[in-house]
Structure formats: C-alpha cells, structure tokens
Amino acid sequence: FLASPGGYYHGYAVEVEPSALAASLDEATPPDATWVKVIGDWPRRGVGAVPNFDESALRAAVAAAHSGGRKVAIHTAAPDTPGMAVRAGVDSIEHGLFLTEDDVAMLGGRGGAWVPTIAAMEILAEQLGPASSGGRLLAEGLHNVRRLLPDAVAAGVNVMAGTDLALRHGEVAREAARMVDYGMDERDVVAALTEVPRRYFDVAGFVPGRPADFIVVDAPDSVAALAAPRLVVRCGVVVADRR
C-alpha cells in the first residue's frame, strides 16, 4: 500500500511524497510482488475526500510498475481520482464511485478491472449518516455506480466482487446480491465471483496432482445459491459439507 503522508490509516501504508511515488515502488514493494495498491484519495478533516496524487504521478507510477511486471490497483472514492487513474493506465479500480461513461469505456477497452464494493460503501454511508458531507458524497457515488454498472460488463470491464472491511470473510455473496440489485445480470454477477477473477488473475484451473479449490452449488447461475454452497473444498480438503 502506497499513500501520501496522512493519506490513509496511520501505520497501514508506506507514505511517500507524490513526486516520489514512481521512484518508491521498487523500494517499497517485495521483489516477488505482482501487484501494488495505491491509495488514490482520502478524507481530510474539514476538507473531505481529496486526491493523494495527481495524474502525472499516477502515470509515472503505473509505468514503473508495469516495467517491473507488476499491476496497479487504486483505492478511489473521491470525485476527481477515478478519471485520473483510468487515464494513467491503472489496472484495477477499487470502489470507483465516480467513474464516468468515458472512464468505463476506456477501462473496458484495455480489459481493466472494477471492484465497486457496493455493500461496503452502503454500510459506510449509513454509518456516516445523510447529515454528514461524507455520507452525502457516498450516496451520490453509489447512485452513479447504479447508473454505470449494468453497462460496464458490455464495455469489456472485468467487474469483480469485493468485500473491503465491511463484510466478514466468506460473505462475498452478500456483495453479489447488491450487484444484482444495482442492475447487473445475474449470470454476469456469478461470473464476477468465479470466472472473471480466475481469468483476470490467470489462475490455473484443475491440474492433476495439485490441491483443488471449489464449491458445489444447487444452481450454477444463481446468486442465491452462492450464499449456500453444498460443498466447500479448500486445498483439497472438505471444509464444509451440507449435502
């Protein structure tokens, strides 16, 4: 995680000056890292969510990461950041509440990813409340997500489901239900939890001799079925059996 000074939870990110973002990538990330996470914006007291880095810094960072064989994901919840990130070539947009139609078209044109984390953003908006500027901003952004999400898959965006900090491990099916409510086709949502991540992250399928990870559900095209798998196998070991 890379952020500007004061631009993330204290102690959870490597803090770098915006002008040093690209130069800091190799020093701040392990040699075998395949991804770098940039905190693109963060709320400041009395100001609201503001960008941590400008577009030129993001563009230089993406170029440096790609030259080292790494991809870049970015946290962005503020209005100005997602457009800068897409134009800079960022590979995966996390939250991305204020993407535009042009951003989605550009991101999809290069096969980029978008993880909207709808449930997490809704929970945070509720915690902040409609009377707060942060709550109103998130509500506005979620309205924008509802408008854009149905067309993102058709535009070629690799839409995936994420939980962020709001949902417990294993509850990603709750996010799937929200994605359907926001207008995505149910089959596309199932793919967002299964086929799309496997393809996007180039994860091998079943290989003889390797431990298998899979779930068995009643209906392969049903989001509701994902929430109640009949069988869960992790690393070749049955961890849940409800057959």
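The values are calculated or read from the model by the stated rules, or taken from the named source; none is laboratory data. Everything quoted here is computed from the prediction, not taken from an experiment. Neighbour counts run over all protein chains shown; Cβ positions are idealised from the backbone, glycine included. The accessibility values were calculated without ligands, DNA or RNA, using every heavy atom of the protein model including side chains. Shrake-Rupley method; radii C 1.70, N 1.55, O 1.52, S 1.80 Å.
How much of the accessible area of the chain, in percent, comes from carbon and sulfur atoms when a 1.4 Å probe is used?
Solvent-exposed carbon and sulfur of the chain make up 54 percent of the total.
May I ask you to rank Ser4, Ser56 by accessible area, largest first, using a 1.4 Å probe over the protein chains only?
Ser56, Ser4
Of all DSSP beta bridges located in the range 9-105, what percent are antiparallel, nearest 5?
Here the antiparallel bridges make up roughly 30 percent for the range 9-105.
For the range 134-241, which trypsin sites (Lys or Arg not before Pro) are in a loop by DSSP, counting at most 13 other Cβ atoms within 10 Å?
Loop-located and lightly packed - Arg168, Arg230.
What is the local net charge at Ser222, summed over the other residues whose Cβ is closer than 10 Å to its Cβ (Lys, Arg +1; Asp, Glu -1)?
Once positives and negatives cancel, what remains is -2.
Compare Thr81, Thr29, Thr117 in a GNM of the chain, Cα atoms joined below 10 Å, and give the one with the largest fluctuation.
With Cα springs under 10 Å in the chain, the top fluctuation among Thr81, Thr29, Thr117 is at Thr29.
GNM, the chain, Cα, under 10 Å: largest mean-square fluctuation among Val207, Val86, Val232?
Comparing Val207, Val86, Val232 in the GNM, the peak value goes to Val207.
Counting only heavy atoms of the protein chains, get the accessible area per residue of the chain (1.4 Å probe) and round it to a whole Å² value.
That works out to 52 Å² for each residue.
Hey, if we sort Phe53, Phe206, Phe201, Phe214 by accessible area with the 1.4 Å probe, largest down, what's the order?
Highest to lowest solvent-accessible surface, that is Phe206, Phe201, Phe214, Phe53.
Mean-square fluctuation check for the chain, GNM, Cα pairs under 10 Å: which of Ser92, Ser19, Ser67 is largest?
Ser67
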